[in-house]
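Only one structure is covered here, and it is reproduced in the block below.
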Amino acid sequence: MIIVLLGYMGSGKSTVGQLLAQNSNTDFLDLDEYIEQNQQATIAEIFKSKGEIVFRKLESEAVKDLINQSDNLVLALGGGTPCYGDTMAFLVEHPNVITVTLNSSIKNLSERLIKEKAKRPLIASIKDEDIPEFIAKHLFERSFFYNQAEISIQTDSLSVAEIVTTIISKITPK
């Protein structure tokens, strides 16, 4: 089984994914790190040198390759990954994939992302006070894709361990 974590940047996909993989005795992969290794460049550099459209194509191809080459994996997507091309349809239709959306409030996302702006090309140039509005707009645009996930978890009041426990309880046959 491949568990694919999706949600907005800063929602905890990588942190949750690492613990989930540990608890599931499987491998964890962060899609952004995978792309950076393959391209020998950071996501910010790829955005700057090749543009967002090329980056989104790289993401889509990488997701499909990873899913088709794996049997067991926890994969954390980038926040926009499921929203481009046919990536979300591919994930939802794949028989060995379970999709999980991690939902966080705009307030929590804003607080986390303001601290990480330098590492986040989409928000690096946005003023701190404008970040909540930027996130709200993006969440609205992306909700169509995020809402297609088989499992959706509101994470604001949960610890990382509680989120992992919730995911495991929802994917374990009863």
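Observations on the structure shown:
- Ellipticity estimate at 222 nm from DSSP helix runs (n ≥ 4, -39,500 (n - 2.57)) divided over the chain, nearest 500: -16000 deg cm²/dmol
- Counting neighbouring Cβ atoms within 10 Å and putting the fewest first, the residues VAL63, VAL97, VAL92 line up as VAL92, VAL97, VAL63.
- Length gained when the stretch ALA89-GLU150 is fully extended (0.36 nm per residue, less Cα-Cα span): 20.8 nm
- Close amide H partners of VAL4, meaning residues 5 or more places away or on another chain with modelled amide H under 5 Å apart, are LEU75, ILE98, THR99, VAL100.
- Helix runs (DSSP H) in the chain reaching 18 Å along axis by Cα, Kyte-Doolittle at least -1.0: 52-69, 131-146
- Total lysine pairs whose alpha carbons fall under 16 Å of each other in the stretch 2-164 (8 or more apart, or interchain): 12
- Computed 3J(HN,Hα) for the stretch 119-124, one whole-Hz value per residue from the Karplus formula 6.51 cos²θ - 1.76 cosθ + 1.60 where θ = phi - 60°, is 8, 10, x, 5, 10, 3, glycine and proline marked x.
- The 3J(HN,Hα) values that the Karplus relation (6.51, -1.76, 1.60; θ = phi - 60°) gives for the stretch 76-86 are, in residue order, 9, 7, x, x, x, 3, x, 9, 10, x, 9 Hz. Gly and Pro appear as x.
- Amide H partners (placed H, <5 Å) of MET9, local residues excluded: GLY79
- The relative contact order of the chain comes to 33 percent, based on Cα pairs under 8 Å that sit 6 or more residues apart.
- Cβ crowding within 10 Å, taken as a proxy for footprinting-reagent exposure, orders ASP30, ASP86 from fewest neighbours to most as ASP86, ASP30.
- Taking the Cα centre of the chain as origin and assigning +1 to Lys and Arg Cβ atoms and -1 to Asp and Glu Cβ atoms, the resulting dipole is close to 220 debye.
- The length gained on full extension between GLU61 and ILE126, counted as 0.36 nm times the residue separation minus their Cα-Cα distance, comes to 20.5 nm.
- Extension gain for GLU52-GLU111 works out to 18.8 nm (0.36 nm per residue, less the C-alpha to C-alpha distance).
- Principal axes of the stretch 1-150: Cα extent on each, largest first, Å: 43, 32, 27
Where a number appears in this text, it was derived from the coordinates with a stated rule and is not lab data. Everything numeric here is computed off the predicted structure, so don't read it as measured data. Quick reminder, even Gly has a Cβ in these numbers, built from the backbone with ideal geometry, and neighbours come from all protein chains shown.
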